[in-house]
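Comments concern the structure below.
The values are calculated or read from the model by the stated rules, or taken from the named source; none is laboratory data. All values derive from a computational prediction rather than experimental measurement. Reconstructed Cβ throughout: ideal geometry from the backbone, glycine too, with neighbour counts over all protein chains shown.
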Amino acid sequence: MRVAQIKDIDQDSQGGLINTQPFSLETLEEKVEEVSVCDIRHFETVPDYVTPTDSKYPFVVKTPSSINCIDGWNLVERVIADGKSSVTCKTEYIPEHCDEELAIRKVALRVKPKAGTGSYAETVRNTQFLEEILLASNKDLKVFHHGGVRKGETFINNRRDNVRKVLSFRLGKSVTTINQYLNHARFLNEETLNFFASQKVEKDFFEMAQKINKRDEITRMTGEGKSREEMTAKISDDARKWHEEYLRTGKISPITGIQEDEDEAEDSHPEIQTPQEAVPRAIPPKVFNPWYGNESEGEEDSLENIKQDVEASAERLLESVTLTDPDEFEECVKEEIRWLCLIPYRLSALKEREIRTDSYQEEVLQ
């Protein structure tokens, strides 16, 4: 890959003394202010993102020697085309000019949230809170879907499904990922969610708990006719115990019987690797999930994702039986059937991926 040459505006001439003293590149100040378009430099050492910024204002970084637009250059061009001499910008001031720093900031704008990143447990908890807030709201959900519904996506009379579409759009995640967050929060009370958030519990624990115990517990208690309150109390209590075990051992024991861990089963029969077997496994071609969510996210589909989507759809179907309007009930059922009909195609895509991967690995080993 060809990388653009970086040259600081004020760098020393060739043969000059190299300044080895460290200097600060931390942000001195942040403002929203008018900036003359004639003074703005289009920073292109890192290419612009294809998708325009969601911001109404360009992002610029001011150094002692220049004003550099690191995102939203299309907004600057629009102002120039309108014949205006200045544009309102979100401006950061740094004390020294450094193109490497500008490059980092340009990429970080779309990767790291400006307010910082939260833990997985905090995202799970807060997504659950958002769902409850929006479900309880008497406002039309379309007002929260800024920019309108995505192509191919429509709001239906199933409010819970519409809430997940809004969360997908506003949080920049696929509906599959939103379903995953909500499934991991499901039947955990506020105290437990807050505890996991305070401990910054990561994704691996939630996935392990869901796969080994939680899903079976939900099925068992649903079959026993337990109320939602009873299920929440029981699973919340169990989840704290699973977490204690996870911290001690890195594993979670199945509630029903002793189940041999797949990794342990493989490790119990170690085999001597030959040089051929030591060849790194091929990276499986990604199977993207076009059925749900933001295609630009490029989310890789998986069996676990498919299971979570089926689980979420089943939950919505169960909730639809409480509807009294026949037309609304029919529309909700049709919507869920439409998504469930795609499950065989997603499974076929996964199987095809495995076949391609196996074939590729055989070629590598040969």
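Just a few scattered comments:
- Criterion applied to D12, D8 was being surrounded by 10 or more Cβ atoms within 10 Å (Cβ to Cβ), at pLDDT below 95 and farther than 30 Å from T88 by Cβ, and the one residue passing it is D12.
- Residues in segment 58-104 that are in contact with a helix residue (DSSP H, G or I) (Cβ under 7 Å, 6 or more places away or on another chain), closer than 17 Å to E29 by Cα and without any contact (Cβ under 8 Å) to a residue 60 or more places away in the chain: P58, F59, V61, I67, N68, C69, I70.
- Among residues of segment 35-78, those that are of a type in the set (S, T, N, Q) and surrounded by 21 or more Cβ atoms within 10 Å (Cβ to Cβ), counted: 2
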